[in-house]
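Notes follow once the structure below has been shown.
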Amino acid sequence: MNSEEEFYDAVTGFDSDNSSGDFSEANHKVAEMLDLDPHQSNRTGKHNGETEIQENGIKRHRTSLPAPMFSRSDFSVWSILKKCIGLELSKITMPIVFNEPLSFLQRITEYMEHIYLINKACSHADPLERMQAVAAFAVSAVASQWERTGKPFNPLLGETYELTREDLGFRFISEQVSHHPPISAFYSEGLNKDFIFHGSIYPKLKFWGKSIEAEPRGTITLELLKHNEAYTWTNPTCCVHNVIIGKLWLEQYGTVEIVNHSTGDKCVLNFKPCGLFGKELHRVEGYIQDKNRKKLCVIYGKWTECLWCTDPTTYETYKKNEKRGGEQKKLKPSEDVIKSENDEADDMPEVQDTVQFIPGSKLLWRINCRPPNSSQMYNFTSFAVSLNELEKGMEAILAPTDCRLRPDIRNMENGNMDVASKEKERLEEKQRAARKERAKDEVEWHTRWFHQGTNPYTGTSDWLYSGGYFDRNFSDCPDIY
């Protein structure tokens, strides 16, 4: 194992097969700091596992977690790393205090939070408007990471997660197809057979002393079946700052190129780094061009707030006036602007934009408001809060490898931190033992729902959905929990 993989294990929670648990006492300290009732309900007025049905027949998903988030103020990554001077990084086990009660497979599912943008793309007859909607979807896919400094749990090899949302019109399946390197594959389709969304994610990490940089690997593909179009892109680089000392914060930066493989149109989005004085923090700027490289429109905004588009001439004129010190116009709450089609509640406060508005621009996307108690729920969005909900009767139809059935995540969500820590260690040891047993018997691991192949649009290596999951034949699923 190389040093890059070792540090990936140490800091991101993708724990090594050789992890010894030498620092697990930090996990048990957490429970002493808490005064939580592990049997409390989920504040929705329903017993855990029950989901309310509204008068219109649509399920109402939970709006809060069973237990509040614990304080991380007494912990730091440095408090763990300083004990490891002279030791192999692969022997570090990060305490559960740095996690959030979701698997990385569930975190990937958050791409679907703004699925209304895919629906918009499907409905547009104009290819430019379709690209605008796809670009907004690509930006919205990383928006849920804003202020989410807790790391998701490392998926065990063979772990899966499924989600069907009839109200939003999609179903989703993902699988952890490799442990070293850690690769997560996913596949989603519209219930109306209007789109397919799939990809695989393998982040490459770099440690810069005070920050950890995750460079995305793997291709993301969106197919609009009605239009016979396929779009591909990769996510921007994510960087978490102050991992040694100070308040954790993250930014996204790098260039994202979205290619329409049918028309030749391309969208180039520049996620700007913070810069010396923070002026560029969270900003996104870019453009859409046709196959002849003619700019068709300019896109601007922030991935933490909203995204707008305007024509290139208007944008260039505005920028020239800005450089001359001309009057600038900021978007005001009183102005009549387009609201997102998926606003979940009329009584939730509007997000106040800090993006400078260029007159005549069209709103492509605005981030959803988070629940009022989001800070006590790991800064989850309303969509994220619902992901680990185990509805009544669901356990009987889920694959036995589904994340919702992981005892460490479930106990952490319920506030049972000491139990969660012990379960995490048990699952990791079980995974190590299974790997050694396979090595002893010279048996190779076989993925269940995905296979390695070639992306038909980019020609690059990819993990493709093999099909059959929703037939629900789970007889040969591995026992990983």
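The set of residues in the stretch 305-323 that are modelled with pLDDT of 90 or more, open to solvent by 50 Å² or more (accessible area, probe 1.4 Å) and either among the basic types (K, R) or not in a helix (DSSP H, G or I) (or both) contains only D311. Considering only the stretch 354-397, state which residues are surrounded by fewer than 18 Cβ atoms within 10 Å (Cβ to Cβ), of a type in the set (A, V, I, L, M) and outside any helix (DSSP H, G or I). Result: L390, I397. Annotation note: of N228, N235, N260, the sole residue that is open to solvent by 20 Å² or more (accessible area, probe 1.4 Å) and in contact with a Pro (Cβ under 8 Å, 6 or more places away or on another chain) is N235. Residues in the stretch 271-296 that are in a loop (DSSP other than H, G, I, E, B) and closer than 23 Å to V240 by Cβ: K272, P273, C274, G275, L276, F277, G278, K279, E280, L281, H282.
Assessment of the stretch 252-260 against the conditions (at pLDDT 90 or above, assigned by the TED database to the domain that holds G360, of a type in the set (S, T, N, Q) and over 18 Å from T458 (Cβ atoms)) yields no matching residue. Among residues of the stretch 449-458 being touching a Phe, Trp or Tyr at 6+ places or on another chain (Cβ under 9 Å) and open to solvent by less than 70 Å² (accessible area, probe 1.4 Å), the one that is farthest from Y231 (Cα to Cα) is W449.
Scanning the stretch 153-173 for residues being touching a Ser or Thr at 6+ places or on another chain (Cβ under 6 Å) and not aliphatic (A, V, I, L, M) gives a total of 9. Looking at S466, S461, just one residue is at pLDDT below 95 and assigned by the TED database to the domain that holds H179, and that residue is S461.
The values are calculated or read from the model by the stated rules, or taken from the named source; none is laboratory data. The structure presented is a predicted model; accordingly, all values stated were derived computationally and were not measured. Note that each Cβ is placed from the backbone with ideal geometry, even for glycine, and that neighbours are counted across all protein chains shown. The accessibility values were calculated without ligands, DNA or RNA, using every heavy atom of the protein model including side chains. Shrake-Rupley method; radii C 1.70, N 1.55, O 1.52, S 1.80 Å.
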